[in-house]
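Notes for the one structure printed next.
The values are calculated or read from the model by the stated rules, or taken from the named source; none is laboratory data. It should be emphasised that the depicted structure is a prediction, and the values quoted were computed from it without experimental measurement. Every residue, glycine as well, gets a Cβ built from its backbone with ideal geometry; the counts of neighbours run over all protein chains shown.
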Amino acid sequence: MSALLSTPLAAHAGGVLIASPNRALRQRLFDRVNGRARPIEQALGGADALAQLEKGNWQVLFLDRRLPDLDAHEVMAIIQRRFPGIEVELVDSDLTLDKAPSDKESVRDLERSEATQAPAARNGEASTLCDDVRAAETLPGMVGASPAMQRVYRLVRLVAPRSTTVLIAGATGTGKELVARALHELSPRARKPLVVVNCAAIPESLLESELFGYTRGAFTGAVQSQIGRIPAAHGGTLFLDEVSELPLGMQAKLLRFLEQKEIQRLGTAEAMRVDVRVLAASNVDLAGRAARGAFRQDLFYRLAAFPIELPPLAARREDVVPLAEHFLDCMAAAMAGPKVRLSAEAIRILEAHSWHGNVRELQHVMERASILVEDGDVVEARHLYFSEPQRLVNVELPLEACDK
């Protein structure tokens, strides 16, 4: 495996190390941090990276999740024990179109700028460099570059390659299902089914048969066998939305499935093994419910093996305008219409709104605005209506005035 790709580390301090077998990814990261930190070195695998860390003074390590020799998370654990001052950022080699080079393939040496720069505080510079790379790693179907969402993106990419159960928490309209879909699409199970179950939408009397399935004659009306939602997700991902609404009896059966990885269809005593990664979402405080006895604590701990909390839109106001523009673009494309932009006053109003309905409310406001703008290409303040209980409120005029 390749050794150092540039000058000896001892001649520099506070550098950045990029560890990946993917040449295109290394080049992309190098281009991002070049000119902002010295030295910038490269490694082709985990063992190579650990060897280089022993020889120099480093601030940041960009570590590929898919190393050719070691498990990335094991490498992270070693670094946390032996080099606690180094910030490690996991990156995905599959985000580039280039294939990883073979061991025989030569790696072009990278030229380094000779320009000097003022020394920066180590922690501050490391954070800035890592923020740059995080900002490029958005999730499928999601929009927003706020610090709150960057943390979500990082957590999703960290846990996606595993089969760990994830609990996605957040208020209604924050995008929990989008996160679940991103977790599935970024996982090794992406080619297998993603089965979504809204636990609040299925009557309690039907939940067991819907989840586990049943055989012919299992109950009155069961004229043929039916595969359940859980076995339908075999090899893939099961997303339990509004999991807090599961009745206690069903919680016990779900817990047994999570522990045993087996299900039993109604009408048969035969157990069936199922390989499913479980994601759950809740818009209520599930830990609080478990503490009050309204939700099984043992099930809560099983579901919350890796919790991800989505911030409300009011906590990520820098994402409001990009999201609004994204929704307008999607609606224009769906109608094959012209691109619509926001006026300065509309932007001011959107940024100042409370957004109790979160991203979903913003989407609806933009949908109404795209209709009211008619053949125009600018959303003005008069086109913005905000939902409040039992009525719609325009920022300029009462709703009735629009008909006059």
Going through (1) at pLDDT 85 or above; (2) assigned to a helix (DSSP H, G or I); (3) under 14 Å from I86 (Cα atoms) one by one, Q52 fails only at (1)
Over region 299-316, the set of residues of a type in the set (D, E, K, R), in contact with a helix residue (DSSP H, G or I) (Cβ under 6 Å, 6 or more places away or on another chain) and not in a loop (DSSP other than H, G, I, E, B) is R302
Examine region 195-203 for a residue that is modelled with pLDDT of 80 or more, in contact with a strand residue (DSSP E or B) (Cβ under 7 Å, 6 or more places away or on another chain) and part of a loop (DSSP other than H, G, I, E, B), and state whether such a residue exists.
yes
Somewhere in region 302-316, is a residue among the aliphatic types (A, V, I, L, M), in contact with a Lys or Arg (Cβ under 7 Å, 6 or more places away or on another chain) and crowded, with 18+ Cβ neighbours inside 10 Å?
yes
Checked region 260-285 for anything exposed (fewer than 14 other Cβ atoms within 10 Å of the Cβ) and modelled with pLDDT of 90 or more; matches are D275, D285
Quick count over region 286-301, residues being surrounded by 15 or more Cβ atoms within 10 Å (Cβ to Cβ) and of a type in the set (D, E, K, R), is 2
Inside region 157-170, the number of residues satisfying the requirement of being out of contact with any strand residue (DSSP E or B) (no Cβ under 7 Å at 6 or more places or on another chain), touching a residue at least 60 places away in the same chain (Cβ under 8 Å) and either assigned by TED's automatic domain parsing to the domain that holds H364 or surrounded by 20 or more Cβ atoms within 10 Å (Cβ to Cβ) (or both) is 0
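Check every one of the helices (runs of 4 or more DSSP H) wholly within region 103-185 and list those with 2 or more residues that are modelled with pLDDT of 50 or more and within 16 Å of G15 (Cβ to Cβ).
Values: elements: 122-135, 147-159, 176-185.
Output list reads 122-135.
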Criterion first (over 28 Å from the mean Cα position of the chain (by Cα), among the hydroxyl-bearing types (S, T, Y), surrounded by 18 or more Cβ atoms within 10 Å (Cβ to Cβ) and modelled with pLDDT of 90 or more) does S343 satisfy it?
no
Residues of region 346-365 being hydrophobic (A, V, I, L, M, F, W, C) and either surrounded by fewer than 16 Cβ atoms within 10 Å (Cβ to Cβ) or under 24 Å from the mean Cα position of the chain (by Cα) (or both), in sequence order, are A352, W355, V359, L362
